[in-house]
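Notes for the one structure printed next.
Each value in this text was obtained by applying a stated rule to the coordinates, not by laboratory testing. The model shown is predicted, which means the values in this text are computed figures rather than measured ones. Note that each Cβ is placed from the backbone with ideal geometry, even for glycine, and that neighbours are counted across all protein chains shown.
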Amino acid sequence: APAAPPAPLGCDDPESEAAAAVAVSYINGHSHHGYKFALNRIDNIRILPQGPNNDIIFLELDLLETTCHILSPTPLQNCTVRSFTEHAVEGDCDVKLQKVDGKFSVLASKCHSHADSSEDVLQVCPECPLLATWNNTEVLTTVTAALNDHNSKTADAYLKLLEIGRARIQYAPAHVALVEFAVAATNCSAAQAKDNAEACQLLPDDQSNYGFCAATMVLQPSEDLTVNCQLYGHQPGVTYSQPAQDTS
Amino acid sequence: PVAKRAVAEAAQHDKVPRPVGFVPPPPPCPGKIRHFKI
């Protein structure tokens, strides 16, 4: 009698988890903007045997945004998943892998991310700040003020903005903007930039030095700004590509 | 409605008696939630 087909793989089986780990590493390795994502749940797995020791695997993954920017050297396992009350962002990914002689490789992946609904967040935390759009004027004002504040006080390299990672605004009890953005060191010191910041250029890829800033601007009742910027140091092979104009 | 009695009776006989306290295994998918569901 022909051998019975293997039992369908469960989503929590070690093999499914191994495939998901390869998929998540691939997704983060091929992402150039925003934050690293961590596995939250394996929604489904389908296996198409192709022959001896050769399977095609389709994974449906549910990911969650972490607090690590994609340019951060922090290993994913050390990245904290954004909490529910920080207005979490979920990623839904479909990944096609091949497993040959026990080794996984990703053939294709497609993801889309979406923030949790404001209602969900406010239901749990009525006063929590909610995600704002990147072109929100208070967001842009806060990012500009924070970067200028950092550059006016640092004795190190003059930093330029790469991208806004995320921004949240609280309206009560105080009016507060909380922003996170990625930066890069330029070939100027902060002092040189005072004379002519336009002349300052990002360092070439073989000397690049990226970093990350988080800032909080109290807008009401009285203005108060706190900024914290950290540079990662040069990371060979890590480059940043400006987002295409049409990407949101 | 006309029920095929024979089928109904056969179905009764085919039912495998479950041992007391039988707990069906969890569905293979979706898997466990590692953080929280939004």
| query | Of all residues in segment A:111-120, which are over 25 Å from residue A:24 (Cβ atoms) and in contact with a Leu (Cβ under 9 Å, 6 or more places away or on another chain)? | reply | A:118
| request: List the number of the failed condition for residue A:101; all other conditions in (1) out of contact with any strand residue (DSSP E or B) (no Cβ under 7 Å at 6 or more places or on another chain); (2) surrounded by fewer than 12 Cβ atoms within 10 Å (Cβ to Cβ); (3) without any contact (Cβ under 8 Å) to a residue 40 or more places away in the chain hold. | output: (3)
| task | Please work out if residue A:61 is surrounded by 20 or more Cβ atoms within 10 Å (Cβ to Cβ), within 20 Å of the chain's Cα centre (by Cα) and farther than 15 Å from residue A:21 by Cα. | result | no
| field | Per-region count, segment A:63-78, residues of a type in the set (A, V, I, L, M, F, W, C), out of contact with any Gly (no Cβ under 6 Å at 6 or more places or on another chain) and within 14 Å of chain B (Cβ to nearest Cβ) | value | 2
| task | Find the residue count for segment A:3-41, including only residues that are within 14 Å of another protein chain (Cβ to nearest Cβ) and within 14 Å of residue A:109 (Cβ to Cβ). | result | 7
| (1) out of contact with any strand residue (DSSP E or B) (no Cβ under 7 Å at 6 or more places or on another chain); (2) surrounded by 19 or more Cβ atoms within 10 Å (Cβ to Cβ): which one isn't true of residue A:182, the others all being true? | (1)
| request: For residue A:118, state whether it is touching a helix residue (DSSP H, G or I) at 6+ places or on another chain (Cβ under 9 Å) and within 25 Å of residue A:33 (Cα to Cα). | output: no
